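Participant: Mind looking over this structure? Questions follow.
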């Protein structure tokens with residue numbers, strides 16, 4: 001019986017088209033094939049053993065004395081090592097980057113010393129664990145078929161079926177390597193070629209090593225920066241340039257609660273922030289690919305801009321519940337799809353234009369995205385004064401969110417700069433006036449003078465961590481008393497006892513301002529934003545101390561989920577989360593920039 005493990009117990013492998021989560025005991029508990037948003041073939045993470053898993057590790061009678069794991073250098077090749085009473089063994093897990101080929105999950109068992117009895121237990125279940133495939137074996141090849149999907153297991157180890165599970169019991173000695181490769185393939189086509197696991201390992205290591213070497217950051221947090229960059233690259237859907245927010249769905253923000261959402265889609269905000277971070281660390285190709293994805297996704301109708309799309313630009317992402325899955329630690333319902341795709345979030349115009357602005361600063365040539373940006377501002381000009389659903393995707397009534405208005409100002413400001421550069425034509429004088437109008441409106445209606453802080457929405461008393469972005473976006477300078485007052489108010493009223501930042505107040509068992517009941521953990525991206533702001537207002541030691549405490553929340557592989565549950569002392573939310581790793585990257589860069597400006601060591 002497999003025990004439920006903490007979210008941070010998982011490691012990530014992926015091929016930039018999909019990904020798998022693997023626990024420290026060698027169990028694959030989540031994998032969607034062939035794409036990030038495809039139905040999972042291993043869904044134990046959100047259900048139980050009957051919903052599919054694949055464990056390779058020391059056999060039951062061989063109890064490990066200790067376990068450790070790591071990524072091989074600056075790659076996404078995961079090694080898990082067990083020390084047992086009879087020897088030492090490790091499993092090397094990876095997914096080879098692919099062009100037009102089929103997705104593969106490769107697992108190589110290597111004997112390090114002695115003689116270790118090993119076991120592979122493979123329970124394949126299609127359609128999020130609801131369909132048992134038809135399984136047949138021919139020599140070293142096992143095929144599992146259900147509808148349009150086929151999985152092929154290739155291994156030289158002997159296999160047999162028992163209790164609807166493909167099993168293998170074998171022994172490895174020092175220097176011996178036994179490979180298992182699971183390949184997804186359309187069931188109506190001829191069998192895929194027999195894979196070469198060792199050649200695939202070489203290609204995978206070379207790819208990630210070469211990609212990581214392009215990083216231009218050389219500060220004191222390089223290890224954390226590189227791991228975050230690799231994680232963000234792994235969340236990129238290579239064929240189109242889209243970037244998923246996370247490779248999982250329904251990992252709860254509140255253990256036992258219902259704040260469970262599907263993050264396997266491309267939020268314009270998350271993707272834009274990811275690209276901004278990649279650009280500032282030396283990665284331009286990804287920005288170019290994403291700009292192409294953006295133009296295709298928005299198409300010729302910018303008035304119908306969505307906050308998120310499918311990984312190939314799909315617009316329809318209907319949300320439904322999978323009632324046969326109990327949810328992670330009974331945190332139901334399990335949802336696929338996301339109805340927030342139909343929300344109005346004015347801030348995305350700012351994030352998109354800011355990223356395109358940074359791309360131009362990085363030297364990317366002009367293209368269709370520049371003209372798309374102007375079209376977006378024509379739409380925003382007519383709608384910025386409307387209430388919206390806000391950055392946090394409230395499922396309550398629309399409000400005049402301060403952060404949304406600030407980012408509308410960012411969108412207009414960056415587009416004014418684009419027109420001034422001569423790259424595109426546009427109503428320069430009118431949009432300069434619009435920029436001033438939005439700025440004045442925010443400062444007059446979104447600021448609580450009595451408490452000296454910007455609030456979540458016009459006329460409200462609640463705070464919102466998104467207002468920490470005001471100085472970072474250049475809306476006001478860091479030394480403005482209103483900025484300092486907002487930072488200090490958030491520290492007083494919107495942080496956990498350990499100093500990490502909540503997004504906004506929640507209401508427990510009552511329905512809160514977001515239209516939902518329940519609470520949630522500290523939002524890690526917001527906590528990084530606080531560290532950024534502290535550095536920008538001259539409190540560098542405090543910023544560095546907060547940043548290093550945030551780094552300590554990462555798991556042993558350097559990965560972060562969406563949130564931190566301070567009461568339980570554990571990560572919560574979808575995992576790994578692009579937004580959290582973007583925050584980490586940005587704070588590392590901010591600390592380096594501020595340190596250089598004031599002439600102190602980074």
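Participant: On the given criteria, is residue 29 touching a strand residue (DSSP E or B) at 6+ places or on another chain (Cβ under 8 Å) and at pLDDT below 95? Let's see the steps before the verdict.
Facilitator: Numbers: touching a strand residue (DSSP E or B) at 6+ places or on another chain (Cβ under 8 Å): yes; at pLDDT below 95: no.
Judged against the criteria, residue 29 is not a match.
Participant: Restrict the check to segment 321-338 and report whether at least one residue is without any contact (Cβ under 8 Å) to a residue 40 or more places away in the chain, more than 16 Å from residue 36 (Cβ to Cβ) and not assigned by TED's automatic domain parsing to the domain that holds residue 237.
Facilitator: yes
Participant: Something else now. Residues that are under 17 Å from residue 268 (Cβ atoms), outside any helix (DSSP H, G or I), in contact with a helix residue (DSSP H, G or I) (Cβ under 8 Å, 6 or more places away or on another chain) and modelled with pLDDT of 95 or more: does segment 408-417 have at least one?
Facilitator: no
Participant: A further question on this structure: Would you confirm, using the coordinates I've provided, whether residue 274 is crowded, with 24+ Cβ neighbours inside 10 Å and closer than 30 Å to residue 325 by Cα? Please lay out each step first, then the result.
Facilitator: Numbers: crowded, with 24+ Cβ neighbours inside 10 Å: yes; closer than 30 Å to residue 325 by Cα: no.
So residue 274 does not fit the description; no.
Participant: Considering only residues that are modelled with pLDDT under 95 and more than 10 Å from the chain's Cα centre (by Cα), which ones fall in segment 234-251?
Facilitator: 237, 238, 239, 240, 241, 242
Participant: Considering only residues of segment 297-314 that are out of contact with any strand residue (DSSP E or B) (no Cβ under 9 Å at 6 or more places or on another chain) and at pLDDT 85 or above, which is surrounded by the fewest Cβ atoms within 10 Å (Cβ to Cβ)? If you could, list the steps in order and put the result at the bottom.
Facilitator: Step one: of segment 297-314, the residues out of contact with any strand residue (DSSP E or B) (no Cβ under 9 Å at 6 or more places or on another chain) are 299-306, 314.
This time we only want the ones that are at pLDDT 85 or above, so: 306, 314.
Details: 306: 23, 314: 16.
Of everything passing the filter in segment 297-314, 314 is surrounded by the fewest Cβ atoms within 10 Å (Cβ to Cβ).
Participant: A further question follows. Given the residues 530, 560, which is the only one that is buried (at least 24 other Cβ atoms within 10 Å of the Cβ), farther than 19 Å from residue 470 by Cα and either in the same structural domain as residue 594 (by TED's automatic domain parsing) or modelled with pLDDT of 95 or more (or both)?
Facilitator: Values: 530 fails: farther than 19 Å from residue 470 by Cα.
560 is the lone residue from the list that is buried (at least 24 other Cβ atoms within 10 Å of the Cβ), farther than 19 Å from residue 470 by Cα and either in the same structural domain as residue 594 (by TED's automatic domain parsing) or modelled with pLDDT of 95 or more (or both).
Participant: Same structure again: Scan (1) surrounded by fewer than 18 Cβ atoms within 10 Å (Cβ to Cβ); (2) in a helix (DSSP H, G or I) for the single condition residue 568 breaks and write down its number.
Facilitator: All conditions are met except number (2).
Participant: Moving on to the next point. Among the residues that make up segment 485-502, is at least one of them out of contact with any strand residue (DSSP E or B) (no Cβ under 8 Å at 6 or more places or on another chain), in contact (Cβ under 8 Å) with a residue 40 or more places away in the chain, within 30 Å of residue 356 (Cβ to Cβ) and surrounded by 21 or more Cβ atoms within 10 Å (Cβ to Cβ)?
Facilitator: Within segment 485-502, one or more residues are out of contact with any strand residue (DSSP E or B) (no Cβ under 8 Å at 6 or more places or on another chain), in contact (Cβ under 8 Å) with a residue 40 or more places away in the chain, within 30 Å of residue 356 (Cβ to Cβ) and surrounded by 21 or more Cβ atoms within 10 Å (Cβ to Cβ).
Participant: Only strands (runs of 3 or more DSSP E) wholly contained in segment 151-229 count here; list those with 2 or more residues that are surrounded by 19 or more Cβ atoms within 10 Å (Cβ to Cβ).
Facilitator: Details: elements: 160-162, 165-173, 177-186.
Filter on segment 151-229 gives 165-173, 177-186.
Participant: Scan segment 246-290 for residues that are more than 16 Å from residue 576 (Cβ to Cβ), part of a loop (DSSP other than H, G, I, E, B) and out of contact with any strand residue (DSSP E or B) (no Cβ under 8 Å at 6 or more places or on another chain) and report the count.
Facilitator: Result for segment 246-290: 6.
Participant: Out of 325, 294, 356, report the one residue that is part of a helix (DSSP H, G or I), over 20 Å from the mean Cα position of the chain (by Cα) and surrounded by 21 or more Cβ atoms within 10 Å (Cβ to Cβ).
Facilitator: On the way: 325 fails: part of a helix (DSSP H, G or I); 294 fails: over 20 Å from the mean Cα position of the chain (by Cα).
Exactly one residue qualifies, and that residue is 356.
Participant: Name the residue that is nearest to residue 57 (Cα to Cα), counting only residues in segment 138-150 that are free of Cβ contacts under 8 Å to residues at least 40 places away in the same chain and part of a strand (DSSP E or B).
Facilitator: 142
Participant: Got at least one residue in segment 486-498 being under 25 Å from residue 379 (Cβ atoms) and either in contact with a helix residue (DSSP H, G or I) (Cβ under 6 Å, 6 or more places away or on another chain) or not assigned by TED's automatic domain parsing to the domain that holds residue 357 (or both)?
Facilitator: First, the residues of segment 486-498 that are under 25 Å from residue 379 (Cβ atoms): none.
No, that holds for no residue.
Participant: Here's another thing I want to ask about it. Mind checking whether some residue in segment 393-409 is under 27 Å from residue 310 (Cβ atoms), surrounded by fewer than 19 Cβ atoms within 10 Å (Cβ to Cβ), touching a residue at least 60 places away in the same chain (Cβ under 8 Å) and more than 27 Å from the chain's Cα centre (by Cα)?
Facilitator: no
Participant: Go through 298, 374, 352 for me and flag whichever is outside the structural domain of residue 36 (by TED's automatic domain parsing), in contact with a helix residue (DSSP H, G or I) (Cβ under 9 Å, 6 or more places away or on another chain) and closer than 30 Å to residue 219 by Cα. Don't jump to the end; show me each part of the working.
Facilitator: Values: 298 fails: closer than 30 Å to residue 219 by Cα; 374 fails: closer than 30 Å to residue 219 by Cα.
Going through 298, 374, 352 in turn, just one is outside the structural domain of residue 36 (by TED's automatic domain parsing), in contact with a helix residue (DSSP H, G or I) (Cβ under 9 Å, 6 or more places away or on another chain) and closer than 30 Å to residue 219 by Cα: 352.
Participant: Looking only at segment 328-350, how many residues end up being more than 21 Å from residue 247 (Cβ to Cβ) and within 18 Å of the chain's Cα centre (by Cα)? Spell out how you get there, then give the answer.
Facilitator: First, the residues of segment 328-350 that are more than 21 Å from residue 247 (Cβ to Cβ): 330, 342-350.
Now drop any that are not within 18 Å of the chain's Cα centre (by Cα), which leaves 348.
The number of residues fulfilling the criteria is 1.
The values are calculated or read from the model by the stated rules, or taken from the named source; none is laboratory data. No experiment lies behind these values; they were computed from the predicted model shown. Neighbour counts are summed over all protein chains in view; Cβ atoms, including those assigned to glycine, are modelled from backbone coordinates with ideal geometry.
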